[in-house]
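Just so it is clear, none of the values below were taken in a lab; they were calculated from the coordinates. All of these numbers come straight from a predicted model, not from anything done at the bench. Note that each Cβ is placed from the backbone with ideal geometry, even for glycine, and that neighbours are counted across all protein chains shown.
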Amino acid sequence: MEFLGQIYGYAYKTVCSISDGWLFKLAGGAVFLVLARHAMLFTAFTALVAIDLFAKFIALSYAMLKARGEENPSLVKSIKAIPDAHRERIINSHEMKTQFLGKILMYIFSVIAAGFADYMIGHVNFGQIVIAYLASTEFLSVIENLDDAGVSAVHDLAGLIKRKRV
C-alpha cells in the first residue's frame, strides 16, 4: 500500500506543478511548433546518413572477407565481420565520424540556403528540390554500398536508380 501512496504523492505533485513556469513552457511549445518540421528533417537526414554509413561498413567488411580468400561472403557474415574490419583499421572510426558530421553539416547548410533562396525569390521550392536531391543521393549511396557488399538483390536497382536520376 505504501507504494501506491508514493505513486499518488508523485502524481499529485506533478498535477500541482503543471502551471509552474507556464511562460517558459508556452515559449518552448511555440519554438517546437515552428521548428518541428526542421527537427524531423534533421532526424530523417541523420538516419539516412547513418544507414549509408552502416552500408559502407558492410561493404568494407565484405571487401576484407574477399581479400582473405572467402569466395562469396553472405550479408550476415559481412555484418558480423565489421568488428574485425575495425580492428584491422579497414574501418577508421575517426574518418567515418568526420565524414558523417561533414555530411550532416553540408546538408543543413544546403537546406538553410535553399530556404533563404525560397524566401528571397518567393517560395520557388528550392528547399524541396535540395531535400529531394540530397535524399536521393543518400539513397543511391546506400544501394551502391550494398551492391559493393555483394547483395545481389540490389544490383539491378543501382543501375535503375542511376538511369532515373539523370
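Brief remarks follow.
- Formal net charge of residues neighbouring Val49 (Cβ-Cβ distance under 9 Å; K, R +1; D, E -1): -1
- Taking the fewest neighbouring Cβ atoms within 10 Å as the starting point, the ordered list for Met96, Met64, Met1, Met106 is Met1, Met106, Met96, Met64.
- Taking θ as phi - 60° and the Karplus parameters 6.51, -1.76 and 1.60, the scalar couplings of the range 73-89 work out to x, 6, 4, 5, 5, 5, 5, 5, 8, 4, x, 5, 5, 5, 4, 7, 6 Hz in sequence order, x denoting glycine and proline.
- Partners of Lys97 within straight-line reach, counting aspartates and glutamates whose Cα lies under 15 Å from its Cα and excluding those fewer than 8 residues away in the same chain: Asp52.
- The range 36-165: relative contact order as a whole-number percent, Cα under 8 Å and 6+ apart: 34
- Dipole moment magnitude, nearest 20 debye, the range 36-165 about Cα centre, only Lys, Arg, Asp, Glu C-beta charged: 80
- Between 0 and 90°, nearest 10: helix 126-148 axis offset from the chain longest Cα axis: 50
- Given Lys66/Lys103; Lys56/Lys103; Lys77/Lys103; Lys56/Lys162, the pairs whose alpha carbons are separated by over 20 Å: Lys66/Lys103; Lys77/Lys103
- Cross-link partners for Lys25 among the lysines, with Cα-Cα distance under 19 Å and sequence neighbours closer than 8 places in the same chain left out: Lys13.
- Centre separation in Å (Cα based) which lies between the range 27-88 and the range 104-134: 25
- Computed helical MRE - 222 nm, the chain, DSSP H runs ≥ 4 contributing -39500 (n - 2.57), nearest 500: -28000 deg cm²/dmol
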